[in-house]
Each structure stands twice: as structure tokens, then as C-alpha cells.
Amino acid sequence: MTDASSDPRYRELYDLAVRIGLAWREIRRGASTAGLREYLYGSGEDAIEQGQMDTLDLLATQPSWRMSELAEALRVDPSTATRAIQRLEKAGLAERTPSREDGRVVEVCITEAGRQRHQDVAERRSVLMTSILSQYRYSELPVLADMLERFVLGVDEFVTNRDTEPST
């Protein structure tokens with residue numbers, strides 16, 4: 001029986017995994033640079049954080065969200081979602097209200113100022129993505145989109161499987 005690590009296909013897969021992992025790291029680093037953050041999310045008192053923008057992205061998709069649903073959609077625990085909403089509320093970008101159906105439930109919605117901020121960032125994000133994607137041939141873009149979507153699903157599946165594995 002042959003050790004998998006001596007199989008040349010294993011080594012090739014390993015080398016590709018390293019390259020992809022390094023590229024992922026550089027994407028995270030590049031996305032977190034001050035210049036890009038300022039371009040996308042503003043600077044000074046008017047700046048919002050990437051997590052706040054993730055929240056605005058969701059809030060903009062429907063009239064209101066239950067806090068528990070928002071936390072689930074953001075893939076964070078409810079206390080993290082609550083802190084994000086508190087910051088957005090303080091900035092006038094979101095508001096919380098008791099549910100009309102069940103007063104014990106808190107719902108959150110985007111404000112008009114939040115919708116405008118979301119639109120401004122979305123436009124800058126579109127300019128950024130158009131610039132990046134212009135470096136590809138048009139025929140490569142559907143392949144890139146498919147592969148990135150599969151990559152995200154792979155990450156989600158890994159996390160789900162890790163969460164359901166018994167602890168050792």
C-alpha cells in the first residue's frame with residue numbers, strides 16, 4: 001500500500017491548495033488595507049465597518065428582519081448582530097422596533113439614510129469589481145463565478161461538518 005503523500009497527484013493537489021490559500025490570504029490583506037477601506041466605507045466619523053456594510057446589505061433586501069433571522073443570515077451569534085445593529089442605529093442607518101405580530105420580538109429595518117449609504121457603497125463596490133474583472137476575458141467570468149460559488153459552498157460545508165463532528 002502506497003502512502004498518499006508519495007502519490008504525485010497528492011503533491012500537485014497540495015501545491016495548488018497552498019497557492020490558493022496564499023491567494024485567499026492576500027485577498028483578505030488587500031481588502032483590509034486602509035486605502036481600500038476608506039474608498040469603500042468612508043473615513044473619519046462617517047466611516048462604517050465592513051461588518052456594518054454586511055448588515056446593511058441584508059437590511060436592504062427586505063422591509064424588516066427579526067434579530068434572530070438577521071444573526072443567522074450574517075452567520076454570527078445574536079449578541080454580535082445586536083452590537084452591529086446598535087452601531088448602525090447610533091449612526092442613523094437602521095432602527096429597531098417591536099414586531100407588530102409579537103411585541104416580544106424585535107425587528108430591525110434600514111432607514112432612508114442607511115439605504116443611501118448602502119447605495120453609495122454598492123456603487124463604489126461595483127466600480128472596484130468592474131476594474132478587477134476587466135482584467136479577465138469575458139468568457140472566463142462565468143467560470144470564475146462558478147468556481148467562487150463552489151469555493152464558498154466548500155467553506156460552508158467544511159464549517160458545518162466541523163460543527164457536527166464529535167469533539168475529541
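The values are calculated or read from the model by the stated rules, or taken from the named source; none is laboratory data. Bear in mind the structure is a predicted one, so any value in this text is a computation, not a measurement. We place every Cβ from the backbone using ideal geometry, glycine too, and count neighbours over all the protein chains shown.
Structure values in brief
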quantity: Residue count for the range 1-54, restricted to those that are more than 15 Å from the chain's Cα centre (by Cα), among the polar types (S, T, N, Q) and farther than 15 Å from ASP120 by Cβ; calculated: 4
quantity: Which listed residue is under 25 Å from ARG75 (Cα atoms) and exposed (fewer than 13 other Cβ atoms within 10 Å of the Cβ), from ARG117, ARG104, ARG125, ARG137; calculated: ARG104
quantity: Candidates THR168, THR111, THR82, THR160, filtered to the one that is among the hydroxyl-bearing types (Ser, Thr, Tyr) and at pLDDT 95 or above; calculated: THR111
quantity: Single match in GLY92, GLY51 (criterion: modelled with pLDDT of 95 or more and either in contact with a helix residue (DSSP H, G or I) (Cβ under 7 Å, 6 or more places away or on another chain) or buried (at least 16 other Cβ atoms within 10 Å of the Cβ) (or both)); calculated: GLY92
quantity: GLU45, sole failed condition from (1) assigned to a helix (DSSP H, G or I); (2) out of contact with any helix residue (DSSP H, G or I) (no Cβ under 6 Å at 6 or more places or on another chain); (3) surrounded by 10 or more Cβ atoms within 10 Å (Cβ to Cβ); calculated: (3)
quantity: Scan of the range 46-101 for residues that are free of Cβ contacts under 8 Å to residues at least 24 places away in the same chain and basic (Lys, Arg), ordered by number; calculated: ARG75, ARG83, LYS90, ARG100
